[in-house]
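The structure under discussion appears below in the form of C-alpha coordinates.
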Amino acid sequence: MRVAMIGTGYVGLVSGVCFADFGHDVTCIDKDVEKIEKLRAGEMPIYEPTLEDLVKDNVAEGRLTFATDGADAIRSADAIFIAVGTPSRRGDGHADLSYVFAAAEEIADLMDGYTVVVTKSTVPVGTGDEGKRRTRKRRPDAEFAVVSNPEFLREGAAIADFKRPDRIVVGGAHDPRARKCMEELYRPLYLNETPILFTERRTSELIKYAANAFLALKITYINEMADLCEKVGADVQQVARGIGLDNRIGAKFLNAGPGYGGSCFPKDTLALVRTAQEAGAPVQLVETTVAVNDARKAAMADRIVAIAGGAVKGKTIALLGLTFKPNTDDMRDAPALDIVKALQKAGAKIKAFDPEGMGEAEKVLSDVEMCKGPYECVKDADVVAIVTEWDQFRALDLKRVKAAVKTPLVVDLRNVYRPDEMRERGFTYVSIGRP
Ligand code: NAD
(Lines give C-alpha, C1' and ligand atoms only; values in the text may rest on other atoms or scores of the structure.)
Protein backbone atom coordinates (compact mmCIF):
# COMPACT_ATOMS: atom_id res chain seq x y z
CA MET A 1 0.00 0.00 0.00
CA ARG A 2 1.07 3.58 -0.53
CA VAL A 3 1.33 5.59 2.65
CA ALA A 4 1.94 9.31 3.16
CA MET A 5 2.98 10.28 6.69
CA ILE A 6 2.51 13.97 7.45
CA GLY A 7 4.82 14.94 10.31
CA THR A 8 8.15 13.15 10.70
CA GLY A 9 8.74 13.54 14.42
CA TYR A 10 9.05 10.78 17.02
CA VAL A 11 5.74 9.23 16.02
CA GLY A 12 5.71 9.96 12.29
CA LEU A 13 9.25 8.75 11.67
CA VAL A 14 8.89 5.60 13.76
CA SER A 15 5.46 4.75 12.31
CA GLY A 16 6.67 5.52 8.79
CA VAL A 17 9.76 3.35 8.97
CA CYS A 18 7.84 0.50 10.60
CA PHE A 19 5.10 0.57 7.95
CA ALA A 20 7.89 0.53 5.33
CA ASP A 21 9.41 -2.44 7.12
CA PHE A 22 6.01 -4.16 6.93
CA GLY A 23 6.42 -3.86 3.14
CA HIS A 24 4.41 -0.70 2.37
CA ASP A 25 5.63 2.14 0.21
CA VAL A 26 6.01 5.11 2.57
CA THR A 27 6.79 8.80 2.14
CA CYS A 28 7.54 10.68 5.35
CA ILE A 29 6.76 14.37 4.92
CA ASP A 30 7.82 17.26 7.11
CA LYS A 31 7.85 21.03 6.77
CA ASP A 32 11.13 21.13 8.64
CA VAL A 33 13.64 21.28 5.79
CA GLU A 34 16.65 20.60 8.01
CA LYS A 35 15.03 17.44 9.39
CA ILE A 36 14.28 16.06 5.93
CA GLU A 37 17.75 16.92 4.64
CA LYS A 38 19.31 15.13 7.59
CA LEU A 39 17.19 12.05 6.98
CA ARG A 40 18.07 12.04 3.30
CA ALA A 41 21.72 12.16 4.32
CA GLY A 42 21.19 9.13 6.57
CA GLU A 43 21.33 11.14 9.82
CA MET A 44 18.65 10.68 12.45
CA PRO A 45 17.00 13.87 13.78
CA ILE A 46 16.08 12.09 17.03
CA TYR A 47 17.65 9.41 19.19
CA GLU A 48 15.71 6.18 19.32
CA PRO A 49 17.34 2.75 19.72
CA THR A 50 17.65 0.75 16.44
CA LEU A 51 15.96 3.51 14.42
CA GLU A 52 18.97 4.36 12.28
CA ASP A 53 19.53 0.85 10.95
CA LEU A 54 15.86 0.36 10.20
CA VAL A 55 15.69 3.65 8.29
CA LYS A 56 18.83 2.80 6.31
CA ASP A 57 17.55 -0.67 5.41
CA ASN A 58 14.18 0.58 4.22
CA VAL A 59 15.62 3.49 2.27
CA ALA A 60 18.01 1.05 0.59
CA GLU A 61 15.10 -1.26 -0.26
CA GLY A 62 13.32 1.70 -1.89
CA ARG A 63 10.31 1.51 0.41
CA LEU A 64 10.97 4.69 2.41
CA THR A 65 11.47 8.23 1.09
CA PHE A 66 11.45 11.68 2.66
CA ALA A 67 9.92 14.88 1.33
CA THR A 68 9.29 18.48 2.33
CA ASP A 69 6.68 18.86 -0.36
CA GLY A 70 4.43 15.86 -0.11
CA ALA A 71 2.01 16.75 -2.91
CA ASP A 72 2.79 13.74 -5.11
CA ALA A 73 2.84 11.31 -2.23
CA ILE A 74 -0.47 12.65 -0.91
CA ARG A 75 -2.14 12.46 -4.33
CA SER A 76 -1.16 8.85 -4.85
CA ALA A 77 -1.56 7.55 -1.28
CA ASP A 78 -4.06 4.90 -0.21
CA ALA A 79 -3.71 6.08 3.38
CA ILE A 80 -2.54 9.46 4.62
CA PHE A 81 -1.50 9.67 8.25
CA ILE A 82 -1.52 12.88 10.27
CA ALA A 83 1.28 12.61 12.86
CA VAL A 84 1.90 16.27 13.64
CA GLY A 85 2.30 17.72 17.12
CA THR A 86 -0.65 18.59 19.37
CA PRO A 87 1.04 20.63 22.11
CA SER A 88 -0.75 22.34 24.99
CA ARG A 89 -2.32 25.59 23.88
CA ARG A 90 -0.80 28.39 25.88
CA GLY A 91 -3.08 29.66 28.60
CA ASP A 92 -5.89 27.12 28.70
CA GLY A 93 -4.29 23.65 28.46
CA HIS A 94 -6.43 22.57 25.49
CA ALA A 95 -4.63 20.63 22.77
CA ASP A 96 -3.50 23.02 20.04
CA LEU A 97 -5.05 21.53 16.91
CA SER A 98 -3.76 24.09 14.43
CA TYR A 99 -1.13 21.71 12.99
CA VAL A 100 -3.68 18.92 12.65
CA PHE A 101 -6.21 21.06 10.81
CA ALA A 102 -3.52 22.62 8.61
CA ALA A 103 -2.42 19.11 7.59
CA ALA A 104 -6.06 18.09 7.02
CA GLU A 105 -6.56 21.07 4.71
CA GLU A 106 -3.44 20.22 2.70
CA ILE A 107 -4.74 16.69 2.32
CA ALA A 108 -8.20 17.91 1.31
CA ASP A 109 -6.73 20.04 -1.46
CA LEU A 110 -4.60 17.25 -2.88
CA MET A 111 -6.25 13.88 -2.34
CA ASP A 112 -7.23 12.05 -5.44
CA GLY A 113 -9.51 9.01 -5.58
CA TYR A 114 -10.75 7.18 -2.49
CA THR A 115 -8.50 8.16 0.41
CA VAL A 116 -8.31 7.09 4.03
CA VAL A 117 -7.16 9.97 6.24
CA VAL A 118 -5.83 8.56 9.51
CA THR A 119 -5.22 10.66 12.60
CA LYS A 120 -2.27 9.29 14.55
CA SER A 121 -1.71 12.45 16.55
CA THR A 122 -3.31 12.48 19.98
CA VAL A 123 -6.44 14.60 19.51
CA PRO A 124 -9.42 15.41 21.73
CA VAL A 125 -12.78 13.76 21.22
CA GLY A 126 -14.57 15.25 18.24
CA THR A 127 -11.46 16.31 16.31
CA GLY A 128 -12.11 13.68 13.64
CA ASP A 129 -15.70 14.92 13.24
CA GLU A 130 -14.46 18.48 12.83
CA GLY A 131 -11.73 17.41 10.39
CA LYS A 132 -14.30 15.53 8.33
CA ARG A 133 -16.65 18.52 8.29
CA ARG A 134 -13.87 20.87 7.16
CA THR A 135 -12.66 18.46 4.49
CA ARG A 136 -16.15 17.92 3.14
CA LYS A 137 -16.66 21.68 2.93
CA ARG A 138 -13.41 22.10 0.99
CA ARG A 139 -13.91 19.11 -1.25
CA PRO A 140 -17.63 18.31 -1.63
CA ASP A 141 -16.70 15.96 -4.48
CA ALA A 142 -14.07 13.85 -2.68
CA GLU A 143 -14.41 10.25 -1.57
CA PHE A 144 -12.66 9.78 1.76
CA ALA A 145 -12.87 8.35 5.26
CA VAL A 146 -11.54 9.95 8.44
CA VAL A 147 -10.17 7.32 10.79
CA SER A 148 -8.68 7.62 14.28
CA ASN A 149 -5.68 5.40 15.01
CA PRO A 150 -3.98 6.68 18.16
CA GLU A 151 -0.38 5.71 18.80
CA PHE A 152 0.72 4.08 22.04
CA LEU A 153 4.47 3.74 21.46
CA ARG A 154 6.88 4.77 24.21
CA GLU A 155 9.92 6.84 23.39
CA GLY A 156 13.04 4.80 24.11
CA ALA A 157 11.31 1.59 23.01
CA ALA A 158 9.34 3.00 20.09
CA ILE A 159 10.27 0.55 17.35
CA ALA A 160 9.62 -2.50 19.51
CA ASP A 161 6.34 -0.99 20.71
CA PHE A 162 5.18 -0.24 17.19
CA LYS A 163 6.02 -3.70 15.94
CA ARG A 164 4.73 -5.58 18.97
CA PRO A 165 1.96 -3.42 20.41
CA ASP A 166 -0.40 -4.62 23.13
CA ARG A 167 -3.26 -3.55 20.88
CA ILE A 168 -4.19 -1.40 17.92
CA VAL A 169 -7.16 0.91 18.16
CA VAL A 170 -8.99 2.02 15.03
CA GLY A 171 -11.96 4.34 15.27
CA GLY A 172 -14.50 5.30 12.63
CA ALA A 173 -13.50 2.82 9.92
CA HIS A 174 -17.13 1.96 9.14
CA ASP A 175 -16.77 2.08 5.39
CA PRO A 176 -15.62 -1.43 4.41
CA ARG A 177 -12.94 0.11 2.17
CA ALA A 178 -11.47 2.04 5.11
CA ARG A 179 -11.57 -1.01 7.35
CA LYS A 180 -9.87 -3.13 4.71
CA CYS A 181 -7.21 -0.46 4.27
CA MET A 182 -6.46 -0.39 8.01
CA GLU A 183 -6.38 -4.20 8.18
CA GLU A 184 -4.03 -4.31 5.24
CA LEU A 185 -1.69 -1.72 6.79
CA TYR A 186 -1.41 -3.68 10.02
CA ARG A 187 -1.57 -7.10 8.36
CA PRO A 188 1.76 -8.36 9.76
CA LEU A 189 0.47 -7.65 13.26
CA TYR A 190 -2.90 -9.14 12.48
CA LEU A 191 -1.12 -12.36 11.63
CA ASN A 192 0.67 -12.16 15.01
CA GLU A 193 -2.73 -12.04 16.66
CA THR A 194 -2.29 -8.52 18.01
CA PRO A 195 -5.76 -7.43 19.12
CA ILE A 196 -7.23 -4.79 16.81
CA LEU A 197 -10.07 -2.93 18.40
CA PHE A 198 -12.50 -1.33 15.95
CA THR A 199 -14.57 1.37 17.63
CA GLU A 200 -16.48 4.56 16.93
CA ARG A 201 -14.11 7.43 16.17
CA ARG A 202 -14.92 9.37 19.34
CA THR A 203 -14.32 6.30 21.47
CA SER A 204 -10.95 5.74 19.86
CA GLU A 205 -9.95 9.35 20.44
CA LEU A 206 -10.89 9.06 24.10
CA ILE A 207 -9.11 5.71 24.60
CA LYS A 208 -5.75 7.41 24.03
CA TYR A 209 -6.36 10.10 26.65
CA ALA A 210 -7.92 7.64 29.09
CA ALA A 211 -4.85 5.39 28.80
CA ASN A 212 -2.30 8.17 29.28
CA ALA A 213 -4.19 9.73 32.18
CA PHE A 214 -4.46 6.34 33.88
CA LEU A 215 -0.71 5.78 33.58
CA ALA A 216 0.01 9.30 34.86
CA LEU A 217 -2.29 8.59 37.78
CA LYS A 218 -0.50 5.33 38.56
CA ILE A 219 2.88 7.07 38.65
CA THR A 220 1.50 9.84 40.82
CA TYR A 221 -0.05 7.33 43.19
CA ILE A 222 3.25 5.55 43.83
CA ASN A 223 4.99 8.93 44.18
CA GLU A 224 2.56 9.86 46.95
CA MET A 225 3.15 6.46 48.55
CA ALA A 226 6.87 7.25 48.41
CA ASP A 227 6.32 10.47 50.35
CA LEU A 228 4.29 8.53 52.90
CA CYS A 229 7.02 5.85 53.13
CA GLU A 230 9.55 8.54 53.97
CA LYS A 231 7.40 9.76 56.86
CA VAL A 232 6.56 6.36 58.32
CA GLY A 233 9.80 4.48 57.69
CA ALA A 234 8.61 2.12 54.93
CA ASP A 235 10.28 1.24 51.62
CA VAL A 236 8.37 2.28 48.49
CA GLN A 237 10.15 -0.22 46.26
CA GLN A 238 8.92 -3.07 48.41
CA VAL A 239 5.47 -1.51 48.56
CA ALA A 240 5.48 -1.29 44.75
CA ARG A 241 6.54 -4.91 44.44
CA GLY A 242 4.04 -5.99 47.05
CA ILE A 243 1.15 -4.38 45.24
CA GLY A 244 2.44 -4.90 41.70
CA LEU A 245 2.48 -8.67 42.02
CA ASP A 246 -1.30 -8.45 42.27
CA ASN A 247 -2.41 -9.03 38.66
CA ARG A 248 -5.22 -6.56 39.06
CA ILE A 249 -2.65 -3.83 39.72
CA GLY A 250 0.36 -4.92 37.66
CA ALA A 251 4.02 -4.13 38.29
CA LYS A 252 4.58 -1.55 35.56
CA PHE A 253 4.54 2.21 36.12
CA LEU A 254 5.16 1.80 39.82
CA ASN A 255 8.64 3.34 39.99
CA ALA A 256 8.65 6.28 42.36
CA GLY A 257 10.60 9.25 41.03
CA PRO A 258 10.67 13.00 40.46
CA GLY A 259 7.24 13.16 38.78
CA TYR A 260 6.20 12.31 35.23
CA GLY A 261 7.34 14.49 32.35
CA GLY A 262 7.87 14.05 28.64
CA SER A 263 6.01 15.13 25.56
CA CYS A 264 2.75 13.28 26.30
CA PHE A 265 1.55 12.84 29.88
CA PRO A 266 1.69 16.50 30.96
CA LYS A 267 -0.13 17.85 27.91
CA ASP A 268 -2.53 14.93 27.55
CA THR A 269 -3.68 14.98 31.17
CA LEU A 270 -4.28 18.73 30.89
CA ALA A 271 -6.20 18.36 27.63
CA LEU A 272 -8.36 15.60 29.12
CA VAL A 273 -9.13 17.78 32.13
CA ARG A 274 -10.29 20.58 29.80
CA THR A 275 -12.37 18.27 27.60
CA ALA A 276 -14.06 16.76 30.65
CA GLN A 277 -14.75 20.15 32.25
CA GLU A 278 -16.36 21.41 29.05
CA ALA A 279 -18.40 18.24 28.69
CA GLY A 280 -19.75 18.76 32.22
CA ALA A 281 -18.16 15.56 33.54
CA PRO A 282 -14.98 16.73 35.29
CA VAL A 283 -12.31 14.10 35.88
CA GLN A 284 -11.31 15.13 39.37
CA LEU A 285 -8.81 12.31 39.82
CA VAL A 286 -6.91 13.54 36.78
CA GLU A 287 -7.15 17.17 37.93
CA THR A 288 -5.56 16.15 41.22
CA THR A 289 -2.92 14.11 39.43
CA VAL A 290 -1.89 17.16 37.41
CA ALA A 291 -1.66 19.35 40.50
CA VAL A 292 0.23 16.76 42.58
CA ASN A 293 2.71 16.10 39.78
CA ASP A 294 3.38 19.81 39.15
CA ALA A 295 4.06 20.33 42.84
CA ARG A 296 6.29 17.29 42.96
CA LYS A 297 8.51 18.41 40.09
CA ALA A 298 8.87 21.79 41.74
CA ALA A 299 9.77 20.18 45.08
CA MET A 300 12.59 18.00 43.76
CA ALA A 301 15.09 20.85 43.81
CA ASP A 302 14.29 21.30 47.52
CA ARG A 303 15.69 17.83 48.24
CA ILE A 304 18.96 18.84 46.66
CA VAL A 305 19.01 22.12 48.58
CA ALA A 306 18.24 20.27 51.82
CA ILE A 307 21.11 17.78 51.48
CA ALA A 308 23.43 20.70 50.71
CA GLY A 309 22.61 22.12 54.16
CA GLY A 310 19.76 24.42 53.25
CA ALA A 311 21.46 26.67 50.68
CA VAL A 312 23.15 26.13 47.34
CA LYS A 313 24.33 29.67 46.58
CA GLY A 314 27.77 29.38 44.99
CA LYS A 315 27.67 25.57 45.17
CA THR A 316 28.17 23.21 42.25
CA ILE A 317 25.44 20.67 41.57
CA ALA A 318 26.17 17.83 39.14
CA LEU A 319 23.14 16.37 37.37
CA LEU A 320 23.46 12.90 35.91
CA GLY A 321 20.72 12.63 33.31
CA LEU A 322 18.53 15.36 31.86
CA THR A 323 15.97 13.64 29.61
CA PHE A 324 12.57 12.71 31.05
CA LYS A 325 13.51 9.03 30.78
CA PRO A 326 16.41 6.95 29.45
CA ASN A 327 16.98 5.98 25.81
CA THR A 328 15.60 9.17 24.34
CA ASP A 329 16.92 12.65 23.63
CA ASP A 330 13.51 14.19 24.33
CA MET A 331 13.64 17.07 26.81
CA ARG A 332 10.01 18.17 26.53
CA ASP A 333 8.61 18.77 30.04
CA ALA A 334 11.48 16.81 31.62
CA PRO A 335 11.66 17.15 35.44
CA ALA A 336 15.29 18.25 34.97
CA LEU A 337 14.06 21.55 33.54
CA ASP A 338 12.26 22.50 36.77
CA ILE A 339 15.17 21.26 38.86
CA VAL A 340 17.82 23.23 36.95
CA LYS A 341 15.79 26.43 36.93
CA ALA A 342 15.01 26.24 40.67
CA LEU A 343 18.65 25.53 41.57
CA GLN A 344 19.93 28.32 39.35
CA LYS A 345 17.44 30.69 40.96
CA ALA A 346 18.87 29.65 44.33
CA GLY A 347 22.34 30.59 43.11
CA ALA A 348 23.81 27.17 42.26
CA LYS A 349 26.21 26.43 39.43
CA ILE A 350 24.98 23.48 37.34
CA LYS A 351 27.06 20.85 35.58
CA ALA A 352 25.29 18.11 33.67
CA PHE A 353 25.84 15.01 31.61
CA ASP A 354 23.26 13.08 29.61
CA PRO A 355 24.19 10.34 27.10
CA GLU A 356 21.80 11.60 24.38
CA GLY A 357 19.92 14.62 25.67
CA MET A 358 22.51 17.39 25.88
CA GLY A 359 21.87 18.72 22.36
CA GLU A 360 18.17 19.17 23.07
CA ALA A 361 18.87 20.39 26.61
CA GLU A 362 21.14 23.15 25.34
CA LYS A 363 18.22 24.55 23.35
CA VAL A 364 16.07 25.00 26.46
CA LEU A 365 18.55 25.59 29.29
CA SER A 366 21.16 28.25 29.72
CA ASP A 367 24.29 28.54 31.87
CA VAL A 368 24.62 24.79 32.31
CA GLU A 369 28.10 23.34 31.89
CA MET A 370 27.58 20.29 29.68
CA CYS A 371 30.20 17.62 30.40
CA LYS A 372 31.69 14.84 28.31
CA GLY A 373 31.01 12.03 30.75
CA PRO A 374 29.74 11.24 34.25
CA TYR A 375 33.15 11.56 35.96
CA GLU A 376 33.89 14.94 34.42
CA CYS A 377 30.41 15.97 35.52
CA VAL A 378 30.81 15.02 39.19
CA LYS A 379 34.28 16.56 39.49
CA ASP A 380 34.36 19.10 42.35
CA ALA A 381 30.59 18.85 42.84
CA ASP A 382 29.04 19.76 46.17
CA VAL A 383 26.02 17.54 45.40
CA VAL A 384 25.49 14.84 42.76
CA ALA A 385 21.89 14.27 41.66
CA ILE A 386 20.84 11.27 39.58
CA VAL A 387 17.92 12.60 37.56
CA THR A 388 17.48 10.01 34.78
CA GLU A 389 18.12 6.28 35.17
CA TRP A 390 20.31 5.69 32.11
CA ASP A 391 21.95 2.26 32.30
CA GLN A 392 25.42 3.79 32.42
CA PHE A 393 24.57 5.48 35.73
CA ARG A 394 23.63 2.14 37.30
CA ALA A 395 27.19 0.89 37.50
CA LEU A 396 29.29 3.96 38.17
CA ASP A 397 32.73 3.44 39.66
CA LEU A 398 31.73 4.81 43.05
CA LYS A 399 35.32 5.01 44.28
CA ARG A 400 36.09 7.27 41.35
CA VAL A 401 32.98 9.34 42.02
CA LYS A 402 33.90 9.74 45.69
CA ALA A 403 37.43 10.81 44.80
CA ALA A 404 36.17 13.34 42.24
CA VAL A 405 33.46 15.15 44.19
CA LYS A 406 34.04 17.96 46.63
CA THR A 407 31.59 16.55 49.14
CA PRO A 408 30.08 13.04 48.95
CA LEU A 409 26.42 14.03 48.86
CA VAL A 410 24.16 12.12 46.48
CA VAL A 411 20.46 12.66 45.73
CA ASP A 412 19.14 9.71 43.76
CA LEU A 413 15.76 10.65 42.26
CA ARG A 414 15.46 7.27 40.51
CA ASN A 415 16.47 4.86 43.27
CA VAL A 416 19.29 3.47 41.17
CA TYR A 417 21.51 2.61 44.16
CA ARG A 418 20.94 0.83 47.46
CA PRO A 419 21.01 3.12 50.51
CA ASP A 420 23.10 0.69 52.62
CA GLU A 421 25.66 0.31 49.83
CA MET A 422 26.00 4.06 49.38
CA ARG A 423 26.39 4.66 53.10
CA GLU A 424 29.04 1.93 53.36
CA ARG A 425 30.96 3.70 50.62
CA GLY A 426 30.92 6.91 52.58
CA PHE A 427 28.21 8.87 50.80
CA THR A 428 25.45 10.83 52.42
CA TYR A 429 22.66 9.50 50.30
CA VAL A 430 19.03 10.48 49.83
CA SER A 431 16.66 8.59 47.54
CA ILE A 432 12.91 8.45 46.98
CA GLY A 433 10.61 6.73 49.47
CA ARG A 434 13.24 4.61 51.19
CA PRO A 435 14.43 4.76 54.77
P1 NAD B 1 7.06 15.98 17.05
O2 NAD B 1 6.97 17.39 17.47
O3 NAD B 1 8.28 15.17 17.34
O4 NAD B 1 6.81 15.88 15.48
C5 NAD B 1 5.82 16.56 14.79
C6 NAD B 1 6.38 16.92 13.41
O7 NAD B 1 5.30 17.39 12.57
C8 NAD B 1 7.42 18.04 13.42
O9 NAD B 1 8.60 17.56 12.82
C10 NAD B 1 6.78 19.15 12.57
O11 NAD B 1 7.73 19.87 11.82
C12 NAD B 1 5.84 18.37 11.69
N13 NAD B 1 4.72 19.12 11.09
C14 NAD B 1 3.84 19.93 11.69
N15 NAD B 1 2.93 20.38 10.80
C16 NAD B 1 3.24 19.83 9.61
C17 NAD B 1 2.67 19.89 8.30
N18 NAD B 1 1.57 20.58 8.04
N19 NAD B 1 3.27 19.20 7.31
C20 NAD B 1 4.37 18.47 7.54
N21 NAD B 1 4.94 18.35 8.77
C22 NAD B 1 4.39 19.03 9.78
O23 NAD B 1 5.77 15.27 17.68
P24 NAD B 1 5.63 13.74 18.17
O25 NAD B 1 6.25 13.56 19.49
O26 NAD B 1 5.97 12.84 17.04
O27 NAD B 1 4.05 13.68 18.40
C28 NAD B 1 3.13 13.70 17.33
C29 NAD B 1 1.75 13.33 17.86
O30 NAD B 1 1.76 11.98 18.35
C31 NAD B 1 1.28 14.18 19.04
O32 NAD B 1 -0.12 14.36 18.94
C33 NAD B 1 1.63 13.33 20.24
O34 NAD B 1 0.78 13.61 21.33
C35 NAD B 1 1.36 11.95 19.71
N36 NAD B 1 2.11 10.88 20.38
C37 NAD B 1 3.42 11.07 20.72
C38 NAD B 1 4.13 10.05 21.32
C39 NAD B 1 5.58 10.24 21.73
O40 NAD B 1 6.07 9.42 22.49
N41 NAD B 1 6.26 11.26 21.25
C42 NAD B 1 3.51 8.83 21.59
C43 NAD B 1 2.20 8.65 21.21
C44 NAD B 1 1.49 9.69 20.60
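The values are calculated or read from the model by the stated rules, or taken from the named source; none is laboratory data. This is a predicted model, so every value here is computed, not measured. All Cβ positions, glycine included, derive from the backbone under ideal geometry; neighbour counts span all protein chains shown.
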Here the residues within region 108-121 that are out of contact with any Gly (no Cβ under 9 Å at 6 or more places or on another chain) and crowded, with 24+ Cβ neighbours inside 10 Å are T115, V116, V118
Considering only region 35-50, state which residues are surrounded by fewer than 18 Cβ atoms within 10 Å (Cβ to Cβ), of a type outside the set (D, E) and part of a helix (DSSP H, G or I). K38, R40
Here are the criteria: (1) under 23 Å from I432 (Cβ atoms); (2) among the β-branched types (V, I, T); (3) not in a loop (DSSP other than H, G, I, E, B). Tell me which single one T323 does not satisfy. (3)
The one condition R154 fails out of (1) assigned by TED's automatic domain parsing to the domain that holds D53; (2) surrounded by 22 or more Cβ atoms within 10 Å (Cβ to Cβ); (3) not acidic (D, E) is (2)
May I ask you to list the residues in region 167-219 that are under 26 Å from the mean Cα position of the chain (by Cα), part of a helix (DSSP H, G or I), farther than 19 Å from G16 by Cα and hydrophobic (A, V, I, L, M, F, W, C)? L206, I207, A210, A211, A213, F214, L215, A216, L217, I219
Failed criterion for E278 (all others in (1) closer than 30 Å to V125 by Cα; (2) crowded, with 19+ Cβ neighbours inside 10 Å; (3) away from the ligand (no atom under 16 Å from the Cβ) hold): (2)
For a quick check of your reading: which strands (runs of 3 or more DSSP E) sit entirely within region 331-432 and have at least 1 residues that are of a type in the set (D, E)? 368-370, 409-412
Has region 98-106 got any residue that is touching a Phe, Trp or Tyr at 6+ places or on another chain (Cβ under 9 Å) and either within 9 Å of the ligand (Cβ to nearest atom) or assigned to a loop (DSSP other than H, G, I, E, B) (or both)? no
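Could you list, in sequence order, the residues of region 30-79 that are among the aliphatic types (A, V, I, L, M) and in contact (Cβ under 8 Å) with a residue 60 or more places away in the chain?
Applying the first criterion (among the aliphatic types (A, V, I, L, M)) to region 30-79 yields 33, 36, 39, 41, 44, 46, 51, 54-55, 59-60, 64, 67, 71, 73-74, 77, 79.
Once the filter is applied, which keeps residues that are among the aliphatic types (A, V, I, L, M) and in contact (Cβ under 8 Å) with a residue 60 or more places away in the chain, region 30-79 yields I46, L51, L54, A73, I74, A77, A79.
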